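Only one structure is covered here, and it is reproduced in the block below.
Laboratory data are not the source of any read-out in this text; all were calculated from the coordinates shown. This is a predicted model, so every value here is computed, not measured. Heads up, the Cβs are rebuilt from the backbone with ideal geometry, glycines too, and the neighbour counts pull from every protein chain shown.
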Amino acid sequence: MMDRRAFLKSAYCAAALAALPRLALARAPDGFFELTAGTGQARLYGEDGGLSDLWLYNGSFPGPEIRVKRGERVRVRFTNELDEPTSIHWHGIRIDNAMDGVAGLTQPAVQPGESFEYDFEVPDAGTYWYHAHNMSWNQVPRGLAGPLIIEDEQERFSPQTDITLMLTDWRLSNKGVLDTETIGSLHDFSHAGRLGNWLTVNGVSLPDIPLQAQRWHRLRLINSSASRILDLDPSRLGARIIALDGQSFDEARAAEGPVQLAPAQRMDLALRPENEGNMPFEATTGRAFTVANFKVGAPTVPDIPLTLPAKNALPEPDLSAAQHVPLVMAGGAMGGMRFLLSSGISQEELRDMMQDGKFWAFNGQAGMGDNPLFTAKRGETIVMESRNESNFPHAIHLHGHHFKILERDGELLPEQDWRDTFITTRQETVKIAFVADNPGKWLVHCHMLEHAASGMMEWFIVA
Ligand code: C2O
Ligand code: CU
């Protein structure tokens, strides 16, 4: 994925590696958080690289961290200073439908120069994020994303030990700046999406991250990449997993080898470094490479035992009275389009699709139709049985709800984790269940943003 030699060179030559500032957003006097989308620049490729032209929230990447308590009302005054319409989606929040931020479905896009007020309650604690949701394939890889952290009533970690790490895969040109020319390339649309060649942590190339010896930390990892699945191995740090997609476990879980973090997924780790010194934080694509340096220093905060974050009250699916919805994913290069033909799409339809930049389909349909994928009665359990008939992995995200992953390839999973985005590898079947209790029109789409743009996007109604 990265040119390792170039990466090491930049790591060792950089005069001063940036530490990670915590950019928590303060409220305006009237209680609103203020977010403005606009153009800006940042150095993504270390000190040696040039300035990339980005689109940013409040001039920074990531956008400032919004941190509130569970149950709080969040009001955001959003202003669009870009030259094109945009909107903000609050990823993973069981939100009032009108505030979900999906341009064209839950609100009109916010036009250049205009403002929009988001006003919603956050029912669940955990690690979430926000990002642009109008032509996301174009807006997110330019930098429109930021963390949204919801604390429970008795947050145990101090600011020094509660650390948000947004991991982002960028495609840089050979000048070390964001390659904007290939944004929207049909090759990316029809293959694995926009894969980058450079990874930043909180927008910084190979940052130093201060930790404290003999103290518990909570690391909140967010994958804000357009399409890159990251392989991370918490066991190499001696860390344990305590939450996925914001939903905390009953018990801290040891990882047995690498864990995949798909675009939009989050993973919270509990980590207690034994000794002072340096500890590399690695990701793997083929082989491990360092993405940040943990610098473990002497403790300054009190020692507290590890207690897991409080759980959220999510509605338990009732499998005995569920509506079953199939979700067949097909298309893409490497033989995937052939399946579309065999699934009843004619040669002609296929040609039209491709001319339209559509290479993927859910249930034989490329993109959102006039009719929803399904309609649920409020409170009804939905069991979605997905089958990935393509030769690529996908990361399927459901808006407005959390679901349980029940089965993979027909096998019941011992841990039926709550998620808002699930990975499915090629030719796999995955069964999920959720209670459709949030009224409105919601999206279900691949969070590989190029796939979403080229057909892997549908909607459903909870009436
Ligand atoms: Cu994170 Cu429809 O998005
Ligand atoms: Cu996909």
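Numbers at a glance
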| read-out | value |
| --- | --- |
| Dipole magnitude of segment 68-202, debye to nearest 20 (Cβ charges: Lys/Arg +1, Asp/Glu -1, about Cα centre) | 280 |
| Gain upon complete extension [ASN174, GLU117; 0.36 nm per residue less C-alpha separation] | 16.5 nm |
| Gain in span if fully extended, ASP250 to LEU51, counting 0.36 nm per residue against the direct Cα distance | 67.2 nm |
| Extension gain, ILE304 back to ASP370 (0.36 nm per residue minus Cα-Cα distance, nm) | 18.4 nm |
| Amide H within-cut-off set for VAL328, under 5 Å, with H built and near neighbours excluded | ASN363, ARG387 |
| Whole-Hz ³J(HN,Hα) from phi, Karplus 6.51 cos²θ - 1.76 cosθ + 1.60, for segment 398-405, glycine and proline x | 10, 7, x, 9, 10, 10, 9, 8 |
| Prolate/oblate/rounded label for the chain (Cα gyration tensor, a/c 1.5) | rounded |
| Projected label distance in nm at THR182 and ASP30, using a 7 Å step from Cα toward the beta-carbon | 4.5 |
| For PHE116, PHE61, order by how many other beta-carbon atoms lie within 10 Å, fewest first | PHE116, PHE61 |
| Helix-only CD estimate at 222 nm, as mean residue ellipticity for the chain, using -39500 (n - 2.57) per DSSP H run (n ≥ 4) | -2000 deg cm²/dmol |
| Of the GluC sites (Glu not before Pro) in segment 380-441, those whose Cβ has at most 15 other Cβ within 10 Å and which sit in DSSP loop | GLU415 |
| Reachable aspartates and glutamates, given that their alpha-carbon falls under 15 Å from the alpha-carbon of LYS358 and they are not under 8 places away in the same chain | ASP188, GLU348, GLU349, GLU450, GLU458 |
| DSSP-defined antiparallel bridges as percent of all bridges, segment 4-297, nearest 5 | 70 |
| Reach of LYS175 by Cα under 16 Å, taken over aspartates and glutamates that are not fewer than 8 positions away in the same chain | ASP3, GLU47, ASP48, ASP53 |
